[in-house]
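Have a look at the structure below before the remarks.
We did not get these values from a lab; they are worked out from the coordinates using the rules stated. Computed from a prediction, not measured in an experiment: that's the story for all the values here. All Cβ positions, glycine included, derive from the backbone under ideal geometry; neighbour counts span all protein chains shown.
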Amino acid sequence: MLNNHMNHSDTTADERMRIEAQSAMNPGPFGQPANHVAAFSKMSAPMMSTGVLRQLLRSRRQLLKLPEIERKYQSRSSFAIVQGRNSSSYCLELVRKYDYENFLCTLLLPSHARAGAIAVRAFNVELARVRDTVSETQIGLMRLQFWLDAVDKTFSGAPPEQPVAAELYKATQRHRISKGWLKRLVESRKQSLSSQPFDSIRAMEEYSVNTVSPVNYLVLQYLGLSVDSEHLQLVSRLGRAQGLSSLLRSTARLAPRRICYLPSDVMARHVVKPDRLWRGMDDPAVREVAFEVASAANRHLEHVKENLSKVPREARSAFLPGVAVASYLRRLQRADFNLFHPALQQRDGWLPARLWWRNWRGTL
């Protein structure tokens with residue numbers, strides 16, 4: 001990893017930009033918080049050529065502009081954005097607004113898979129938002145039942161007049177996808193309506209397998225990959241890493257509402273004080289909990305990276321969300337596992353470039 005403590009007074013502005021970009025693409029090893037013996041696994045990447053590095057530096061601003069990303073990676077035949085609020089533009093905007101990182105990942109999929117992937121991600125966003133938009137569990141269950149019925153109607157050829165359902169129906173006409181995985185996404189969301197903490201990291205992982213992994217399974221189907229047991233296992237591990245990191249990230253957002261999804265057994269072991277958590281205070285005990293959950297997420301991610309070569313090259317873009325997970329875990333480590341650190345509440349400005357680079361290389 002490049003030395004970030006070099007003498008900047010002897011470095012030109014262009015050289016500093018080059019170093020920043022190289023550091024972003026080659027993050028080097030995870031560090032470890034003070035007093036921890038265990039550390040995250042080393043995460044390294046091959047050095048970029050000067051030509052590719054210059055191209056990234058020239059295109060960074062364009063990569064960060066959503067309209068330019070959309071025009072670059074969106075084909076006319078998939079889901080062109082139009083002035084009217086049609087179903088495709090509705091789904092695209094929904095994912096861009098509420099699932100930004102996966103929105104970027106989806107734009108890098110092959111053209112024939114993008115529309116279907118956006119549809120299923122929009123479907124998952126609708127399900128995830130049920131918890132945030134209802135005040136009573138019974139109302140939430142009714143909304144989830146609507147989506148269960150919508151899946152049945154969509155696969156029977158009579159989708160409800162709802163833009164996400166309309167896009168799912170179009171996807172079923174173009175691809176052979178699993179109805180069961182869509183229904184599993186709905187059923188798994190019932191657990192989150194209670195806003196109760198998970199008993200353990202294992203419980204968090206199981207929840208992640210049911211709420212995240214099915215989306216990844218469906219994206220593989222849109223890519224035309226015959227999903228075998230080995231692919232399913234990799235997608236499951238990726239879903240665990242995504243889910244654990246997502247639950248960690250939700251802590252700062254949900255704390256003012258006195259909602260916490262950190263594992264209760266780990267919190268009890270480290271004697272986490274709820275009042276400090278609700279007020280968003282930096283607490284060493286919460287850092288310890290975050291470290292344990294992040295370590296579990298990183299183990300799953302490392303397994304995926306080590307075995308990604310077994311996935312056909314044309315289907316590896318389905319695993320791009322792992323790049324976003326790795327980015328968050330690095331930033332969390334740099335913040336010494338303080339979930340409330342201001343830097344973690346901001347988007348990673350280098351993520352679009354990282355995604356482009358990893359997609360081009362077919363790696364994580």
Given (1) in contact (Cβ under 8 Å) with a residue 12 or more places away in the chain; (2) within 22 Å of residue 113 (Cα to Cα), number of the condition residue 180 does not satisfy: (1)
Any pair with Cβ under 6 angstrom, 6 or more apart, that starts in region 216-228 at a residue that is free of Cβ contacts under 8 Å to residues at least 40 places away in the same chain and ends at one that is among the β-branched types (Val, Ile, Thr): 217/235
Some residue of region 151-165 being in contact with a helix residue (DSSP H, G or I) (Cβ under 6 Å, 6 or more places away or on another chain), in contact (Cβ under 8 Å) with a residue 60 or more places away in the chain and either in a helix (DSSP H, G or I) or surrounded by 13 or more Cβ atoms within 10 Å (Cβ to Cβ) (or both): yes
Every pair of residues 6+ apart whose Cβ atoms lie under 6 Å, when the first sits in region 301-313 and is basic (Lys, Arg) while the second is surrounded by 12 or more Cβ atoms within 10 Å (Cβ to Cβ): 305/364; 313/362
